[in-house]
Amino acid sequence: MSYQTGPSPLFHSDRPLDYWLSPELAAITPASARSRLREIAGARGAYMGAWAAGTGLGAFLVLLGAVLSVRLGTFAPLPALGLPGAAIAVFCGVFYARVRDRLPKTSRALVNRGPGSLRGALSFVGFILIVFIGVFAFTAKPSTWQDPEVLLTLATVLAFLICLLVAAIIIPATILGRSRESLRRKAANDPHFRALLEQDLATWRDPYGDAGYGPL
């Protein structure tokens with residue numbers, strides 16, 4: 001499958017990088033049209049989203065350990081959950097910073113099976129929360145709604161469920177959905193990253209035809 005940038009694609013070396021990065025070119029090109037820049041942005045967003053989710057899940061474990069320690073009145077849950085969570089958060093945070101500053105290997109991009117935008121993520125998360133609350137409301141006894149301890153436990157579980165969904169669904173979907181804008185800002189503000197794009201522009205060839213390098 002060849003890359004497509006519009007009705008009349010130009011050979012990539014005929015235009016500078018700024019031309020391919022321009023929002024005006026992206027605005028007049030179908031959003032579904034493929035290009036080298038869009039492939040880089042998508043792969044970079046997928047990797048960044050995955051590592052950001054891992055960082056968020058690590059932080060979630062630390063928070064869960066702290067709350068369980070308070071609720072159970074024992075210190076044991078904090079190191080049991082907090083230490084692995086902190087290690088996961090640091091490990092994923094380091095790799096998040098690495099993939100943010102490098103060009104990804106597009107041939108090895110992660111396959112995203114979740115929502116690809118903030119709107120899709122919010123819809124998905126909202127559906128899960130509605131189902132969770134609905135099942136509880138349907139199965140709870142009338143006396144449950146008058147028991148402050150049970151309501152506090154429910155509120156705590158709901159809060160942790162929201163935190164988990166934010167870390168695992170909303171954050172990576174938001175990063176992936178804004179991957180093209182993120183790449184454009186990175187190229188504009190980071191000289192080293194721009195140099196990597198310039199080098200890729202100078203050496204890349206469409207393996208299937210003569211499609212252009214962009215748009216983004």
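The values are calculated or read from the model by the stated rules, or taken from the named source; none is laboratory data. These figures come from a predicted structure and were not determined experimentally. Ideal geometry is used to build each Cβ from the backbone, glycine not excepted, and the neighbour counts take in all protein chains shown. Ligands, DNA and RNA are stripped out before the accessible areas are found, and what is left, the full protein with its side chains, is counted by its heavy atoms. Shrake-Rupley method; radii C 1.70, N 1.55, O 1.52, S 1.80 Å.
Scanning segment 17-62 for residues that are hydroxyl-bearing (Ser, Thr, Tyr) and surrounded by 18 or more Cβ atoms within 10 Å (Cβ to Cβ) turns up THR29, SER35, TYR47, THR55.
The sole residue among ILE175, ILE171, ILE162 that is within 30 Å of VAL135 (Cα to Cα) and surrounded by 18 or more Cβ atoms within 10 Å (Cβ to Cβ) is ILE171.
Pairs are defined by a Cβ separation below 6 Å, a sequence spacing of at least 6 or placement on different chains, a first member in segment 69-84 that is closer than 21 Å to LEU152 by Cβ, and a second member that is open to solvent by 60 Å² or more (accessible area, probe 1.4 Å) and aromatic (Phe, Trp, Tyr); the pairs so defined are SER69/PHE75. The set of residues in segment 63-95 that are at pLDDT below 95, aliphatic (A, V, I, L, M) and open to solvent by less than 70 Å² (accessible area, probe 1.4 Å) comprises LEU64, ALA66, VAL67, LEU68, ALA76, LEU78, ALA80, LEU81. What's the total number of residues in segment 157-196 that are more than 17 Å from ALA26 (Cα to Cα) and either more than 13 Å from the chain's Cα centre (by Cα) or part of a loop (DSSP other than H, G, I, E, B) (or both)? Qualifying residue count for the region: 16. Residues that are surrounded by fewer than 17 Cβ atoms within 10 Å (Cβ to Cβ) and assigned to a helix (DSSP H, G or I) within segment 197-216 comprise GLU198, GLN199, ASP200, ALA202, THR203, listed in sequence order.
Just so you know, in segment 179-196 the residues that are buried (at least 16 other Cβ atoms within 10 Å of the Cβ) and among the basic types (Lys, Arg) include one that is nearest to GLY93 (Cα to Cα), and it is LYS186. So for segment 136-155 (the condition being open to solvent by less than 60 Å² (accessible area, probe 1.4 Å) and within 28 Å of the chain's Cα centre (by Cα)), does at least one residue qualify? Yes; the residues of segment 136-155 include at least one that is open to solvent by less than 60 Å² (accessible area, probe 1.4 Å) and within 28 Å of the chain's Cα centre (by Cα).
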